[in-house]
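Each value in this text was obtained by applying a stated rule to the coordinates, not by laboratory testing. Predicted model only: the values in this text are computed from it and were never measured. No Cβ is skipped: glycine too gets one built from the backbone with ideal geometry, and neighbour counts run over all protein chains shown.
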Amino acid sequence: MSHSKLAGIFNKDEKKVDWHDKALWFVRHKRDLSVHEVKGWEELRNLGHGIKAHTLSHLDVYLEQFEANALKNGVQVHWAANGDEHNQIVHGILKENHAKKVVKSKSMLTEECHLNPFLEANDIEVIDTDLGERIVQLAKEQPSHIVLPAIHKNKLEVDELFQEHLGTKPCNGDPQYLTGEARKHLREKFIHADAAITGVNFAIAENGGFVVCTNEGNADMGAHLAAVHIACMGVEKIIPKQEHLGVFLRLLARSATGQPITTYSSHFRKPRKDTKMHIVIVDNGRSEQLSRPDFRASLHCIRCGACMNTCPIYRRSGGHSYDATIPGPIGSILSPGKDLTKYSTLPFASTLCGSCSDVCPVKIDIHTQLYKWRQIIGKETPQPFIKKKSMAAMGKIFSKPSLYGKVGAVAHWALRTLPKSLINSWPNIWGKTRDLPVGHKQSFDQWYKERENNKKDDQK
Amino acid sequence: MKVGLFIPCYINQLYPQVGKATLELLEKLKVEVVYPSGQTCCGQPMANSGFENESEGACINFVNNFKDFDYIVTPSGSCAYHVKKHYNIIQQTDEVVKVRKNVYELCDFIVNVLKVKQLGASFPYKVGVHKSCHGLRGLRLGSSSELVTAPYSYIEALLKEVKGIELMTLDRSDECCGFGGTFAVTEDVVSAKMGKDKIQDHLRNGVEVITATDVSCLMHLEGLITRNKQPLQVRHIAEILNSTIESKVAHPKGQKH
């Protein structure tokens, strides 16, 4: 379904749209207050952009350096070309270790690879341990935001969901009670887990270590209790040096939620005694995206979600309207690279207002890339006959001034003369919610000509 | 200094009064203005819809009309931005490069080329400024709320000098209005909702007249305002800067758009 159709469904409940918009605007506002406290914030963004651009230009070198150092640390490293390979590798590790119960902290990569259904089909229990992710998992939904996965649900909905799945008492959406119950439920899962899967926020080439950021400490709870830790990362998560964390950790938390630092920025380097640590490095279309000069900067993304919070469309259409693992502006430039036809409406789910590019902590030119995807979609995917024809017709009219004058005269005569009821009726989509401007007797063109003629007459 | 006036297609046809105000204002400022008669459109409607190739004829026509001027001035941040940013699809001859460099949005031209702020205008109303996105984040006519930079706004710098005007502060200083060209039609539900919310922000803050550098945003907002019979007016910034209304009447300028 197209983005506009799904957005239309979300907009059937205007109160919910208002609440969703305000909740995310609040986060954007917190971000503003927080970044204005940082002297040299724009310089920090330049650095983040520069480090990412450099790293992506030397991706092979840094990935191999990372692998060598991770191996030295006693970590096992795996390479996956695509989502299927990733899932097979993870399943292989779990099988080898007779792991039947898995806890998983937030990882958009495993969402992208559809790891959960794959493991569940192989009789493995996977529990998402980030509270928001657990909520959407119980609801059998996708995350609607990469940092706030259940932002589309209100507390009453969570109350009902927990009653059904966790046996909680009705509490009128009392957040204190609900989080307390979720905590008890998740602790049980942590204690009995055979393996823990985490994502990776930053992998450091020079020492083979990696950093996982969570606000709930759930990555740590999982990784510190289970005998096996599997960390899954996309190739673009690599940074050259430990010192670069000083740039990215500051950018990430402030951009994501307005916090000066994420509550838990956990550094992992080597497995604890008698436990195993695996890293799965996944491509899954990233090399292809890297090969597209206009779109490679999309791989700078550190998954802060700021572009979603700031996007006036995302806030009013909801994350599910994008029907993609990564929603919002950044998702709209990543997804077409994976399936141009399926995601062909996403680059058009934008007014090209540019707020996403200005808010992005690593300066991805998101709205420029949206514009560029539009051109590719216009050429390479089947376009509605009417759109194609009208674009060609407009192109012709605007290249020929004489033709343009005639068409314009008819248009504003129609606006002036025809009844409003006719103008605003189907197929005029504009007129569903908006009036059209009142037509004037004269276009500017005609007025100017008349004025010039009068001037000449005066001179005579 | 010879200035070519570019009047965007929809202003020419639907809002001629904005074109008149722009021309009169520039003439008041003693600028030698010519309106080349062969002009049509900057090409943005096709390009933003993913049909950049269909806009080439419009781009070439634009350059042919304006290549001989020192500056090209237009009452639209969006069109000026399009020429600057997206005219890389045609061959970059000296003429094309010159046109792209010398095209200016009206306020930008007044503040940064003419270097005047006091225009002798008066407009005794409570005005809310809608910072049209392409002017704001494309041409950088002011600081955007996302960036950590010293605050400035060419538009407000000019409006502050207008006699009798009261500039109102909005809750969300520079959120998009939801027009977005064909977005207004292809994503009509979200587009209308964005506009509705924008209007509420102005109403909440006591605004009587919304102004902007782009008529396209105002046309979208006015369409909603008229449909919902809300107590607000829209005026392009050229109309305010060219206004000499001394005392308040029911409708500014005495007539509705």
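Take the residue pairs B:K115/B:K196; A:K5/A:K153; A:K104/A:K270; A:K106/A:K153 and return only those whose Cα atoms are more than 28 Å apart.
Flagged as over cut-off: B:K115/B:K196.
Over segment B:126-250, with a single point scatterer placed on each C-alpha, what log10 of the ratio I(q)/I(0) does the Debye formula yield at q = 0.16, 0.21 1/Å?
Relative scattering, expressed as log10 I(q)/I(0), comes to -0.77, -1.31.
Mind listing the Cα extents of segment B:2-114 along all three principal axes, in Å, largest one first?
If we take the Cα atoms of segment B:2-114, the spans are 39, 32, 23 Å.
How large is the dipole of the protein assembly as shown about the Cα centre if only Lys and Arg carry +1 and Asp and Glu carry -1, each at its Cβ, rounded to the nearest 20 debye?
1500 debye
Any idea what angle helix B:77-86 forms with the longest principal axis of chain B, computed on alpha-carbon atoms, 0 to 90 degrees, nearest 10?
30 degrees
Given Cβ point charges of +1 (Lys, Arg) and -1 (Asp, Glu) and nothing else, what value in debye, to the nearest 20, does the dipole of chain B about its Cα centre take?
Roughly 540 debye for chain B.
Viscosity 1.306 mPa s, temperature 10 °C: what is the translational diffusion coefficient of segment A:38-284 from Stokes-Einstein with a Kirkwood Rh over Cα pairs, rounded to a whole number of µm²/s?
Approximately 85 µm²/s, per Stokes-Einstein.
Using square roots of five times the C-alpha gyration tensor eigenvalues, list the equivalent-ellipsoid semi-axes of segment B:46-175 in whole Å, biggest first.
Taking √(5λ) for each eigenvalue gives 30, 18, 12 Å, largest first.
How big is the gap, in Å, between the Cα center of segment A:191-216 and the Cα center of segment A:89-112?
13 Å
So how long is each side of chain B along the principal axes, counting just the alpha-carbon atoms, biggest first, in Å?
For chain B, the Cα extents along the three principal axes come out at 49, 43, 39 Å.
Output the Kirkwood hydrodynamic radius of segment A:76-201, Cα pairs only, in Å rounded to one decimal.
One over the average 1/r among Cα pairs gives 15.4 Å for segment A:76-201.
Which whole-Hz couplings ³J(HN,Hα) result when phi for each residue of segment A:193-203 is put into the Karplus expression 6.51 cos²θ - 1.76 cosθ + 1.60, θ = phi - 60°, listed in order with x for Gly and Pro?
Karplus values, whole Hz, x for Gly and Pro: 6, 8, 8, 10, 10, 10, x, 9, 8, 9, 10.
Report the label-to-label distance for B:Y152 and A:N453 in nanometres (one decimal), using points 7 Å from each Cα along the Cα→Cβ vector.
Simple spin-label model gives 4.6 nm for this pair.
Over the Cα atoms of segment B:84-126, how large are the radius of gyration and the largest Cα-Cα distance (Dmax), in Å?
Cα radius of gyration and Dmax of segment B:84-126 are 15.8, 48 Å respectively.
Please give the calculated 222 nm ellipticity per residue for chain A, where each DSSP H segment of at least 4 residues contributes -39500 (n - 2.57) and the sum is spread over every residue; nearest 500 deg cm²/dmol?
-16500 deg cm²/dmol
Show the residues, 5+ positions off or on another chain, whose built amide H is closer than 5 Å to the amide H of A:M277.
Residues meeting the criterion, in which the H sits 1.01 Å from N, are A:Q76, A:H229.
If amide hydrogens are placed 1.01 Å from N in the peptide plane, which non-local residues have theirs closer than 5 Å to the one on A:V282?
Close amide H contacts, sequence-distant or interchain: A:A80, A:M233, A:G234, A:V235.
Averaged across orientations, what area in nm² does the convex hull of the alpha carbons in chain A project?
With the hull built on Cα positions only, its mean projection is 28.5 nm².
Tell me which residues come under 5 Å, amide H to amide H, from B:F69 once H is placed; ignore anything under 5 positions away on its chain.
Amide H neighbours of B:F69: none.
Over segment A:142-202, what per residue volume does the convex hull of the Cα atoms give, in whole Å³?
119 Å³
Mind listing P(r) for segment A:321-396? All alpha-carbon pairs, 5 Å bins, whole percents.
That works out to 3, 16, 24, 22, 18, 10, 5, 2, 0, in percent per bin.
What are the lysines whose alpha-carbon lies under 23 Å from the alpha-carbon of B:K67, with same-chain residues fewer than 8 places away excluded?
A:K396, A:K400, A:K449, B:K2, B:K20, B:K30, B:K84, B:K85, B:K98, B:K101
Calculate how steeply helix B:56-66 sits against the longest principal axis of the alpha-carbon atoms of chain B, using the helix alpha-carbon long axis, and give the answer as 0 to 90 degrees to the nearest 10.
Roughly 90 degrees between the two axes.
Show me the ranking of peptides B:231-244, B:208-221 by mean Cβ neighbours inside 10 Å, starting with the highest.
Highest-to-lowest ranking by the protection proxy: B:208-221, B:231-244.
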